[in-house]
Amino acid sequence: MKKLKVGLIGAGFMGKAHVVGYSNMPKFFWPAPAVPVLDTVCDIVPSIASDAKDRFGFEKSCTDWHDIINDPAIDVVSVCTPNDSHAEIAIAALKAGKHVICEKPIANTLENAQAMAEAAANAQKGQTLINMCAYQYRRVPALVMAKKLIDEGSIGKILNIRATYLQSWSADPSSPLSWRFQKKVAGAGTLGDIATHVIDITQYLAGDIQEVVSFLDTYIKERPVQEGGVDLLGTVKLSADAKKEVVDVDDEASFLIRLASGAHGSIEATRNAWGRNNFITVELHGTEGSILFNYERLNELQVCFAKDPDDRRGFKTIYTGPAHFYGEVTWNIPGMNIGYGELKTIETYEFVKAVATGVQPSTTFAEGFKVAKVCDAVARSADSGKWEKV
Ligand SMILES: NC(=O)c1ccc[n+]([C@@H]2O[C@H](COP(=O)([O-])OP(=O)(O)OC[C@H]3O[C@@H](n4cnc5c(N)ncnc54)[C@H](O)[C@@H]3O)[C@@H](O)[C@H]2O)c1
């Protein structure tokens, strides 16, 4: 069976998630399209790099990502660093002939996102180099089922859509100012970090967003500073006398959207929503029915069909399992359910399958750039106070 040597760059939260994907993929998807071999892990912090080698089971570790890019034995590269280094690393990896999966948002600036999409397109000369931007939530089986129902016409023409991504992990002002709260590293706050996921889901289900009018706000204006390392994601509260710095990215983003299809709707993202943890929701209303999804119940899809008799019409729940996408290979007894680890494993399968077959998967760098263009319009609209075209 074909093997693929993996180089992982950035061994924090997402580094772990990619390793879960590479390790578990052949356990679920067998025969696997190819078997990933954990070759080299890189982290700029030496102790994180060497711990990751032992913890995740890599053969080698390093602290300079060029060592991975320059290693001819490495076939695929996972880019799991903060957003400001995505473009430099991913473009170098493509130039070195590697297949690349890069975490979202694709980059910290629109210019870098465009450069990545162009590098991915140019890399196809005389070869097929796979490029994927890791918007894994569109692969939740319930959302793939939603897409199937929409494509089949089960809810008719989509009239409106509302999507949210609500979290609470940084709602406490004493949670640290990590790289996620620094514009020069992250590029944006909630808009780039979490709204991007629901922008991608919206465009996946309902088509391109053409125009937006938005609000961006920063309610918590300063936080105690966290120096380097992995983002502690609010799990640690720094003491009240810790050095504080200004937060220069948004922690609230809300915008109205107009789609190319003529449908309209709204997207909201916040990290100040006490009681909401990973509250990714999407609700669509069509001429023939409605669909509702909530990631906090990710194995369920709510559907309502207009054609049902008046006295039976209402939302019913489809519980995803063996009869649904990826269900036969994950856990083949109804109700066993999947979680975040299986979702990253499904994403890894799509990436490795693409490498093995030479057929680009969704979501390519070009699609990552498309999401970045929506974010750019949202930021322009927050400044101008007017509708802005994507
Ligand atoms: N797909 C998702 O659901 C999802 C979820 C969380 C994060 N992300 C994305 O994944 C990326 C990483 O986020 P995270 O939460 O894993 O961050 P993290 O802070 O947990 O880990 C980042 C790691 O990268 C290392 N690093 C920083 N610069 C480096 C460099 N130049 N070379 C090598 N290592 C370097 C850091 O030391 C740290 O260990 C971000 O782009 C983020 O937006 C995606």
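The values are calculated or read from the model by the stated rules, or taken from the named source; none is laboratory data. Fair warning: this is a prediction, and the values are worked out from it, not measured in the lab. Here the Cβ positions follow ideal geometry from the backbone for every residue, glycine too, while neighbour counts run over all protein chains shown.
Observations on the model:
- The residue that is nearest to the ligand (Cβ to nearest atom), counting only those in segment 2-20 that are under 14 Å from the mean Cα position of the chain (by Cα) and buried (at least 19 other Cβ atoms within 10 Å of the Cβ), is Met14.
- Filtering segment 72-89 for residues that are in contact with a Pro (Cβ under 7 Å, 6 or more places away or on another chain), within 16 Å of the ligand (Cβ to nearest atom) and within 30 Å of Ile280 (Cα to Cα) leaves a non-empty set.
- Segment 154-203, residues that are in contact with a helix residue (DSSP H, G or I) (Cβ under 7 Å, 6 or more places away or on another chain) and of a type in the set (D, E, K, R): Arg180, Lys184, Asp193, Asp200
- Flag if Gly234 is out of contact with any His (no Cβ under 8 Å at 6 or more places or on another chain), at pLDDT below 95 and within 21 Å of Tyr295 (Cβ to Cβ): yes
- Close pairs from segment 54-69: first farther than 15 Å from Val19 by Cβ, partner in a helix (DSSP H, G or I), Cβ under 6 Å, at least 6 apart: Thr63/Pro46; Thr63/Ala49; Trp65/Ile89; Ile69/Ala92; Ile69/Ala93
- Candidate set from segment 234-266 (those that are within 11 Å of Phe181 (Cα to Cα) and under 24 Å from the mean Cα position of the chain (by Cα)); member that is surrounded by the fewest Cβ atoms within 10 Å (Cβ to Cβ): Asp248
- Only one of the listed residues (Met25, Met1) is more than 25 Å from Glu88 (Cα to Cα) and modelled with pLDDT under 95. That residue is Met1.
Residue-by-condition table, conditions (1) under 15 Å from Thr364 (Cβ atoms); (2) crowded, with 23+ Cβ neighbours inside 10 Å; (3) among the acidic types (Asp, Glu):
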site: Lys95; (1), (2), (3): no, no, no
site: Ile101; (1), (2), (3): yes, yes, no
site: Lys104; (1), (2), (3): yes, yes, no
site: Gln124; (1), (2), (3): yes, no, no
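- Of the residues making up segment 99-144, those that are free of Cβ contacts under 8 Å to residues at least 24 places away in the same chain and either part of a strand (DSSP E or B) or of a type in the set (Asp, Glu) (or both) are Glu111, Glu118.
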